[in-house]
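*Asks:* Below are the structure tokens for one structure; questions will follow.
The values are calculated or read from the model by the stated rules, or taken from the named source; none is laboratory data. All values reported here derive from a predicted model rather than from experimental measurement. Cβ placement follows ideal geometry from the backbone for every residue including glycine, while neighbour counts extend to all protein chains displayed. Ligands, DNA and RNA are excluded from the accessible area calculation, which covers all protein heavy atoms including side chains. Shrake-Rupley method; radii C 1.70, N 1.55, O 1.52, S 1.80 Å.
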Amino acid sequence: MRINAMTCIPPVKCRKFPTGNRAFFTIILLSALVCAIFIPGLSPLAMAEEEEPGAPEALVSAQQLKESVNRALAGNQSELTDLETKLRELDSLKAAIRTEIKANESLNAAHGQLLLATQMAIEDLEKALSENRLASKTLTDRLETFQKHHETITIMVQASNDRLVLARQQIENIRETQFSNEQKQKLKASTRKLIQILENKINLGERYLEISGDLLERMNAAVEEKKAIAAKLLTRLETKRKVSFFFRTDPFRYFKRQSVQEALLIFWDRFAMVFSPTVWKGLYSQARLGGFARWALFLMALIAVFTLQGRLRAFIQRVEKQCEGPGWYHRCLGLLLLRRSLAYLGMTVLFGVYTHFQLTLIGIGLGRTLYELFLVLLVTRWGMGYLDHGFSGSPSVLRTFVTGRLKRLLRLYRAAAIAFFIVKWIVGIDSLLTGLVWDVGVTVILIWTLNFWRQFKPVVVEGVREGQAAPDAKRMAMLRGGSYLIVGGSLLLSLLGYNTLADHWITGWIYTTVLLFWGWISLNVIREWHRDHKTEAAAAAEDHIVGGTHPWRWSMIQLVRFVWIFIMTAGLIGSWDSGGYLQAQLGRFIGYTVAIGKVNLSIRGILMAVVIVYLTYLGVRLGRALINYQILENRSLERGLKDSILTVSSYLGWGLGLLLALAVIGVDTTSLAVVFGALSVGIGFGLQNIFNNFISGLILLFERPIQVGDYVEVGGLWAEVKKINVRSTVVQTFDNAAVIIPNSEFISQRVTNWSFKDKRMRRNIEVGVAYGSDIDLVEKTLLEIVNKRKRVLKFPKPDVIFIDHGPSALIFRLRIWVHVDNYWAVPSLIRFEIDKHFRELGIEIAFPQQDLHIRSYPEEFKPQVPAPEDT
């Protein structure tokens, strides 16, 4: 509120005070000082100081005081005039507001009578709830406006009272000033006039507050009563919607002529009301009362449905062009169905949200009817699209017959459903005419079903004659029996009077069919995705490609599978649990709690813990891939250090996940302390080896005496380190045998690391040549052979050493340096080259030889010389 003018006139500090009034003037000066501090903008001293910055603080002229009083008079007179205007407006609105409150009370009474009725239609309850919400919104808006005005006038009255006290005190202060009598009289007259204006303002303000307070009290009571009635209507509406499935109506209602005539008359009257200007004027008024924010949001969503579908359709078409080949069949099919139904899908979602939140922009009943109509159009569009494009291979007689008949069924279902929902919106769900339209539609569909299966068998026989494979007889029998059970069961239940159960029966099967249809498509899409992933992973493994997006894709596939299972389960429950009974029982079962000591275990906690552990597993795997391929891949770090970082990050992720899972289950820190205490006792007795291996594994990860990729020798075993786990280390021998070694052996035993900090290894190749060979040629040939090999390191430089004169050969040693990965391959190739070049150069590779000289031997082994023959 704007406060104008002077509320107090502080006393003027005179040059000389009378001796007897010194204490009095001291009090006046202190009062002026307080007024100047706390209300500086209203103090004449402050005003004078603003006008004349160089003037002394204590000196204020009579002219300045007069101007301040005049400004105060003008401002308060303006406020008084505004208050008189507001009071007149309030007097004129008082009767209208009281009439409006009485009208709302009458509406509340009518809604109360509706609640007392034993039989009522859902549409009547929805209409009453919509009327209640609109009236409550109108009252709430008016209440907020009056509350603001009431608070403003209250502040003004309080400020006027404060000014009035100060103004009366000011008259006494003027008498003590040294102004002339004429000046004093003028100042007193102006101040008295100000006091009169303030008193008038206070009187008018109190009158305004009295009237507005009464109206506010009545409006608050009316709003609270509206809220109470709305809560009762909503509860009754929910109860009506959750009516027992076994509630039975009169099964002979169609045979009562009077009932049918009354239903037709009601339908005609309400149908004629649809075209009545009064109805549309009411809808317009209801739309205006919906509120700007809600209407803006609703219209923005409606515009988005029509504007974004073109871009989405173009985007989907671009994606479809990239989907080529049999491996993309189901993905292309799903994209095609979505592209052909974007408009219906957007409108269904829009009015589905409208119905779920029970908005009152265009009425609850009309919004639900539009949702149901667009849902029917959407489902039939999906069915038509699948029948047109969902079959692969060459057409056959049976497929042509089935697709043609199913298209007729979808058109028939669409027409019957649209007629039923429109009639239901006009006359209500409990109307006899609505039930009649339902029964007629189901009867027509049952006749189509009977005719379809009657013509199905001859078509199968004709196809078999043409060489086509016959469908599975057991599967066809199950489909025939299922179709008779679904359609015939719904009609039978309706004729027996169980309308609610019949509606729930066939609606549940329709929702289940749509859910299974998209579940089947999405499951095959996931399988195609997984098949592509395995193909790419196998190709990468064959080409020895490290990295890529395979861990990412694998994690996403597993997560999508989990989401698919959850959506299918929730969808099936929601399809058959329209009343919420199964959800309530399932929630009660999940919320069941068992107390074990100080730990309260619940099924909900256990399920959430399982989900957390599964998500931790996916997150750790995905995190390892992210750290490895996006962060560590381009860093010049050792392979062992990278593996240590990945292992430690995995441990941290698992630790956080397990702690979160334990917290969700209900295990508190005290219980964990007890568990760790018991674990320490167990370590002391039977788990010390496991704990020793665990600590040894941490030492290996942080100290890194061995790393992944190192070639080690432990216990006489040569192998390559493949993975360092929590308890053990996996090594692979050169015979491709995986050996699991406890981590403690790498800490407590002697380990030879052939590639620690340096991957170079020296190999010695010894060659023996025959005595008499050209040793210079031997040295030159050996060096030429190794210099031609690229995998022989140039530094340290290869060399040849003449070792010894052997018993049967001259021994040379060829010393070379190779990478650890070429430990066996390079020496073998060099030996092949040595043998080849020595043969070409005529260098003999010596081998051990011994000459045996026989000096004597026993007589029995002496050769017998035959006697000469006589001639």
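*Asks:* Filter the stretch 431-452 down to the residues that are among the aliphatic types (A, V, I, L, M) and over 27 Å from Gly404 (Cβ atoms), then identify the one that is most open to solvent (accessible area, probe 1.4 Å). First the steps, then the outcome.
*Replies:* Here is the first cut: in the stretch 431-452, the residues among the aliphatic types (A, V, I, L, M) are 432-433, 436-437, 440, 442, 444-447, 450.
Okay, now just the ones that are also over 27 Å from Gly404 (Cβ atoms), so 432-433, 436.
Working: Leu432: 31, Leu433: 24, Leu436: 68 Å².
Only one residue tops the list, namely Leu436.
*Asks:* Please count how many residues of the stretch 739-772 are without any contact (Cβ under 8 Å) to a residue 12 or more places away in the chain, open to solvent by less than 90 Å² (accessible area, probe 1.4 Å) and within 19 Å of Val708 (Cβ to Cβ).
*Replies:* The total comes to 1.
*Asks:* When the residues of the stretch 711-738 are filtered to those that are within 18 Å of Phe694 (Cβ to Cβ) and hydroxyl-bearing (Ser, Thr, Tyr), which remaining residue is surrounded by the fewest Cβ atoms within 10 Å (Cβ to Cβ)?
*Replies:* Ser728
*Asks:* Anything in the stretch 420-457 that is among the polar types (S, T, N, Q) and under 20 Å from Glu126 (Cβ atoms)? List them, or say none.
*Replies:* Passing the criteria: Ser431, Thr434.
*Asks:* Continuing with this model, one more query. Would a scan of the stretch 303-316 turn up a residue that is open to solvent by less than 20 Å² (accessible area, probe 1.4 Å) and touching a residue at least 40 places away in the same chain (Cβ under 8 Å)?
*Replies:* no
*Asks:* With the structure loaded, tell me whether Gly591 is exposed (fewer than 15 other Cβ atoms within 10 Å of the Cβ), within 27 Å of the chain's Cα centre (by Cα), within 29 Å of Leu523 (Cα to Cα) and at pLDDT below 80 or whether it fails that test.
*Replies:* no
*Asks:* Which residues, counting only those in the stretch 181-223, are basic (Lys, Arg), closer than 23 Å to Ser160 by Cβ and open to solvent by less than 60 Å² (accessible area, probe 1.4 Å)?
*Replies:* Result: Lys188, Lys201.
*Asks:* Let me ask something else about it. Look through Arg760, Arg750 and report the one residue that is among the basic types (Lys, Arg) and within 20 Å of Phe734 (Cα to Cα). It would help to see each step written out before you state the result.
*Replies:* Values: Arg750 fails: within 20 Å of Phe734 (Cα to Cα).
Exactly one residue qualifies, and that residue is Arg760.
*Asks:* Further question on the same structure: Of a type outside the set (S, T, N, Q) and open to solvent by 70 Å² or more (accessible area, probe 1.4 Å), is that true of Glu126? Give the derivation first.
*Replies:* Working: of a type outside the set (S, T, N, Q): yes; open to solvent by 70 Å² or more (accessible area, probe 1.4 Å): no.
For Glu126, the condition - of a type outside the set (S, T, N, Q) and open to solvent by 70 Å² or more (accessible area, probe 1.4 Å) - is not met.
*Asks:* If you take the residues in the stretch 359-388 that are modelled with pLDDT under 85 and out of contact with any Lys or Arg (no Cβ under 9 Å at 6 or more places or on another chain), which one is least open to solvent (accessible area, probe 1.4 Å)? Full working, then the answer.
*Replies:* Within the stretch 359-388, the subset modelled with pLDDT under 85 is 359-368.
Pick out the ones that are also out of contact with any Lys or Arg (no Cβ under 9 Å at 6 or more places or on another chain) and you get 362, 366-368.
Numbers: Ile362: 38, Leu366: 43, Gly367: 0, Arg368: 41 Å².
The extreme case among them is Gly367.
*Asks:* May I pose another question? Given the criteria modelled with pLDDT of 85 or more and part of a helix (DSSP H, G or I), does Leu194 qualify?
*Replies:* Values: modelled with pLDDT of 85 or more: no; part of a helix (DSSP H, G or I): yes.
Here the answer is no, as Leu194 does not meet what is asked.
*Asks:* Would you check if Arg604 is among the charged types (D, E, K, R), at pLDDT 80 or above, surrounded by 12 or more Cβ atoms within 10 Å (Cβ to Cβ) and under 18 Å from Trp654 (Cα atoms)?
*Replies:* So Arg604 fails the test.
*Asks:* Further question: Looking at Phe391, Phe401, which is the one that is modelled with pLDDT under 85, of a type in the set (A, V, I, L, M, F, W, C), over 30 Å from Asp124 (Cα atoms) and more than 29 Å from the chain's Cα centre (by Cα)? Even if it seems obvious, please write down each step before you answer.
*Replies:* On the way: Phe401 fails: modelled with pLDDT under 85.
Testing whether each residue is modelled with pLDDT under 85, of a type in the set (A, V, I, L, M, F, W, C), over 30 Å from Asp124 (Cα atoms) and more than 29 Å from the chain's Cα centre (by Cα) leaves just Phe391.
*Asks:* Here's a follow-up. Take Lys407 and tell me if it is out of contact with any strand residue (DSSP E or B) (no Cβ under 8 Å at 6 or more places or on another chain) and open to solvent by 80 Å² or more (accessible area, probe 1.4 Å).
*Replies:* no
*Asks:* Of the residues Ile724, Ile741, only one is touching a helix residue (DSSP H, G or I) at 6+ places or on another chain (Cβ under 6 Å), over 19 Å from Val826 (Cβ atoms), among the hydrophobic types (A, V, I, L, M, F, W, C) and at pLDDT below 90; which?
*Replies:* Ile724
*Asks:* Tell me yes or no: at least one residue of the stretch 745-759 is at pLDDT 75 or above, under 30 Å from His837 (Cβ atoms) and of a type in the set (Lys, Arg).
*Replies:* yes
*Asks:* Being part of a strand (DSSP E or B), at pLDDT 90 or above and more than 60 Å from the chain's Cα centre (by Cα), is that true of even one residue in the stretch 783-793?
*Replies:* Within the stretch 783-793, none of the residues are part of a strand (DSSP E or B), at pLDDT 90 or above and more than 60 Å from the chain's Cα centre (by Cα).
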